[in-house]
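Student: One structure follows; several queries about it will come next.
The values are calculated or read from the model by the stated rules, or taken from the named source; none is laboratory data. Computed from a predicted model, the values in this text were never measured in an experiment. Cβ placement follows ideal geometry from the backbone for every residue including glycine, while neighbour counts extend to all protein chains displayed.
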Amino acid sequence: MATSDPASEQRPHLLIVDDVPENIEVLAAALGDDYEVFFAISGEEAMEIALNRRIDLILLDIMMPDVDGYEVCRLLKLEPRLAEIPVIFVTAKTELEDEAKGFAVGAVDYIAKPIKRLRVRARVETHLQLKASRDRLRALANVDAIAGMPNRAVCDTLLAREAKRAELDGTRLSFLLVGLDDVEAIAQSAGQHALERQLERIAQAIGAQCSDQRSERGAGRISNPLDLCAHYGGSRFAILLPQANAEAAFERASAIIEAVAALGLRDADSKRLLTVSVGGITADFARLDKAEPLRGQELALAAMQALEQAMHSGQGQRWLQRWEATL
């Protein structure tokens, strides 16, 4: 593995996978000092590195013992965290059917051995540029224009994933929805443009609560890196809290209500303080007795109903439910 330097994070990270160390040295020499290069001599080692490092592109040999390159590529594409990493096969297998099989399992290119330095560099640079373009487009599609945070589609996808994870692991999952109180009256008095500016300020305050790493959730629990804050559409925001219990969810809801009130935002006409209410659901999957799996959609609906209850109770209210069964 290449040694890192202070600028290593700025350079693209490449993973070379080949069971012959001499082949790795040839590729590494051809790529020069423009990349941060990691290497693996087996498919298992390649998967471990890819899962634990930021890897931007993989150069993968086909003919390896135990697990060949085709299978490694297939496994990479099955793992959601790794599926978008471009894979280039670098191999002595040059038959047309070999190349076709490589593309079929998800490779983006195919370089025949013996390698030529300029060809390798050109192919690597091309696919890194393509990946960067795809990443930018994906990021734009997933970020909400008003709030500058992930949108509802991203939130719904992650909520479904975390619900499955919590069910398999027997852990808790909390989901909060935040809504601006009296939004229709505010929109009529202030106008849509002014309302959007207010929502941007509110989004920043909520986002700061999501990224706060201080120990302020139940039982001294620090913020989970899997926590997500998203714009759920209109004047509503969502907070996804994997592994958080009901007490932690209540603390987070209270912190959000207080943070928004502390902004001191006021309605243009009545000068009343703008507030938010929070509704949420905590599901303890270790204590749930359900014949059918609990889906993310059910959690979202429960949180929506809880938010409606909170908003009907007044301004700056919270209404949280807890799903569990006595075993």
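Student: For the range 45-164, which fully contained strands (runs of 3 or more DSSP E) count at least 2 residues that are touching a residue at least 40 places away in the same chain (Cβ under 8 Å)?
Tutor: Hits in the range 45-164: 57-60.
Student: Mind checking whether some residue in the range 251-258 is in contact with a Lys or Arg (Cβ under 6 Å, 6 or more places away or on another chain) and either among the charged types (D, E, K, R) or touching a residue at least 24 places away in the same chain (Cβ under 8 Å) (or both)? Working first, answer last.
Tutor: Pass one, the range 251-258, residues in contact with a Lys or Arg (Cβ under 6 Å, 6 or more places away or on another chain): 251, 253.
Narrowing the set further to residues that are either among the charged types (D, E, K, R) or touching a residue at least 24 places away in the same chain (Cβ under 8 Å) (or both) leaves 251, 253.
Looking for residues that are in contact with a Lys or Arg (Cβ under 6 Å, 6 or more places away or on another chain) and either among the charged types (D, E, K, R) or touching a residue at least 24 places away in the same chain (Cβ under 8 Å) (or both), one finds at least one in the range 251-258, hence yes.
Student: Just checking, does the range 21-36 include any residue being assigned to a strand (DSSP E or B), crowded, with 19+ Cβ neighbours inside 10 Å and either in the same structural domain as L118 (by TED's automatic domain parsing) or not hydrophobic (A, V, I, L, M, F, W, C) (or both)?
Tutor: Just the residues of the range 21-36 that are assigned to a strand (DSSP E or B), to begin with: 36.
Cutting the leftovers down to crowded, with 19+ Cβ neighbours inside 10 Å gives us 36.
From what's left, either in the same structural domain as L118 (by TED's automatic domain parsing) or not hydrophobic (A, V, I, L, M, F, W, C) (or both): 36.
Looking through the range 21-36, at least one residue is assigned to a strand (DSSP E or B), crowded, with 19+ Cβ neighbours inside 10 Å and either in the same structural domain as L118 (by TED's automatic domain parsing) or not hydrophobic (A, V, I, L, M, F, W, C) (or both).
Student: Would you mind stating whether L159 is touching a Leu at 6+ places or on another chain (Cβ under 7 Å) and either among the charged types (D, E, K, R) or under 30 Å from K113 (Cα atoms) (or both)?
Tutor: no
Student: What are the residues in the range 19-55 that are in contact with a His (Cβ under 6 Å, 6 or more places away or on another chain), within 16 Å of E79 (Cβ to Cβ) and of a type outside the set (A, V, I, L, M), if any? I'd like the intermediate steps shown before the answer.
Tutor: Restricting attention to the range 19-55, the residues satisfying the condition of being in contact with a His (Cβ under 6 Å, 6 or more places away or on another chain) are 36, 54-55.
Filter once more, keeping what is within 16 Å of E79 (Cβ to Cβ): 54-55.
Across the range 19-55, the qualifying residue is only R54.
Student: Could you please find all residues in the range 24-44 being of a type in the set (D, E) and touching a residue at least 12 places away in the same chain (Cβ under 8 Å)?
Tutor: Hits for the range 24-44 are D34, E36, E44.
Student: Please determine whether any residue of the range 46-65 is farther than 22 Å from K131 by Cβ and aliphatic (A, V, I, L, M).
Tutor: Yes.
Student: Quick one: which of L265, L274, L307 is in the same structural domain as E184 (by TED's automatic domain parsing), crowded, with 16+ Cβ neighbours inside 10 Å, within 26 Å of the chain's Cα centre (by Cα) and in contact (Cβ under 8 Å) with a residue 40 or more places away in the chain?
Tutor: L307 is the lone residue from the list that is in the same structural domain as E184 (by TED's automatic domain parsing), crowded, with 16+ Cβ neighbours inside 10 Å, within 26 Å of the chain's Cα centre (by Cα) and in contact (Cβ under 8 Å) with a residue 40 or more places away in the chain.
Student: Within the range 37-59, track down each residue that is polar (S, T, N, Q) and either outside the structural domain of L75 (by TED's automatic domain parsing) or within 12 Å of R81 (Cα to Cα) (or both).
Tutor: Selection gives N52 alone.
Student: So, of the residues in the range 170-202 that are of a type in the set (D, E) and surrounded by 15 or more Cβ atoms within 10 Å (Cβ to Cβ), which turns out to be modelled with the lowest pLDDT?
Tutor: The extreme case among them is E196.
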